[in-house]
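Participant: Below: one structure in structure tokens.
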Amino acid sequence: MLREEADEDLPLDRDADTEGETGIEEEAEENWDGLLQEEPPAHRVRGRKRSAPHGGKADYEELNARNLEVGQAGERLVIQLEHTRLAEQGRVDPVEKVVQVSLSNDAAGYDIQSFSATGKPIYIEVKATTGGEHTAFYLSGRELAFSRRHKKSFRLYRLFDYQSEPERARFYIVEGDLSDQCELEPTEYRAHYKGHG
């Protein structure tokens, strides 16, 4: 279920150490609930697809580098948000327990492992884009399958309107099986030559 949407931009503090306070934590500690609202983004009526430009050549290396940079920034922001959430719930051990799994295993099906106030695991996939809340994002088959298998403990943190100067993003959270809550469109296929038969 779509749970929450931020009603304002949240800054990302790149230089925050794990023991010190960040701008996000200070702001959130004052009123974490005030940063989020219960209203989900309005459903967007899908229009006609834009066709690919004719001619020219896309710089895929540059696009991939930019997407990686935005994704990593989004993960850092979510880790800070999780630290704040857990501290507000009275947990004294959030820094050690929130793990950025994507740094060591990019095939896990999620990016960050956190935990609930009761200590149960939460698996977080982060999707960050520079576009608005209705900008499409990509899910791997592994991420989708993981959300299905772990629907009670899976969260998608959808960061949007990301900007680097100053580094900020808005977000909402989707809980559970993403196949129930996202419009999914296949964009590529894995193919094996059948051979002559």
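Participant: For the subset of the stretch 161-185 comprising residues that are surrounded by fewer than 13 Cβ atoms within 10 Å (Cβ to Cβ) and at pLDDT 90 or above, which member is nearest to residue 132 (Cα to Cα)?
Facilitator: 183
Participant: Here are 107, 65, 117: which of them is within 15 Å of residue 139 (Cα to Cα) and either loosely packed, with under 13 Cβ neighbours inside 10 Å or in contact with a Cys (Cβ under 9 Å, 6 or more places away or on another chain) (or both)?
Facilitator: After applying the criteria, what remains is 107.
Quick grid of which residues meet (1) β-branched (Val, Ile, Thr); (2) assigned to a helix (DSSP H, G or I); (3) at pLDDT below 90; (4) in contact with a helix residue (DSSP H, G or I) (Cβ under 9 Å, 6 or more places away or on another chain):
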residue	(1), (2), (3), (4)
65	no, yes, no, no
77	no, yes, no, yes
95	yes, yes, yes, yes
159	no, no, no, yes
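Participant: Filter the stretch 97-112 down to residues that are in a loop (DSSP other than H, G, I, E, B) and not β-branched (Val, Ile, Thr), then give me how many there are.
Facilitator: Selection size over the stretch 97-112: 8.
Participant: Here are some residues: 79, 122, 112. Which one is in contact (Cβ under 8 Å) with a residue 24 or more places away in the chain, surrounded by 14 or more Cβ atoms within 10 Å (Cβ to Cβ) and out of contact with any Ser or Thr (no Cβ under 8 Å at 6 or more places or on another chain)?
Facilitator: After applying the criteria, what remains is 79.
Participant: When you look at residue 194, is it in a loop (DSSP other than H, G, I, E, B), in contact with a Gly (Cβ under 6 Å, 6 or more places away or on another chain) and of a type in the set (D, E, K, R), yes or no?
Facilitator: For residue 194, the condition - in a loop (DSSP other than H, G, I, E, B), in contact with a Gly (Cβ under 6 Å, 6 or more places away or on another chain) and of a type in the set (D, E, K, R) - is not met.
Participant: Then there is this: Kindly indicate which of 34, 71 is assigned to a helix (DSSP H, G or I), modelled with pLDDT of 90 or more and of a type outside the set (A, V, I, L, M, F, W, C).
Facilitator: None of the other options fit; the residue is 71.
Participant: Can you tell me which residues in the stretch 129-147 are outside any loop (DSSP other than H, G, I, E, B) and at pLDDT below 95?
Facilitator: 141
Participant: Tell me, which residue of the stretch 82-100 that is surrounded by fewer than 17 Cβ atoms within 10 Å (Cβ to Cβ) and among the β-branched types (Val, Ile, Thr) is nearest to residue 157 (Cα to Cα)?
Facilitator: Ranking the candidates gives 99 first.
The values are calculated or read from the model by the stated rules, or taken from the named source; none is laboratory data. Note that the structure is a prediction, hence the values are computed from the model and not measured. Virtual Cβ from ideal backbone geometry, glycine too; neighbours counted across all protein chains shown.
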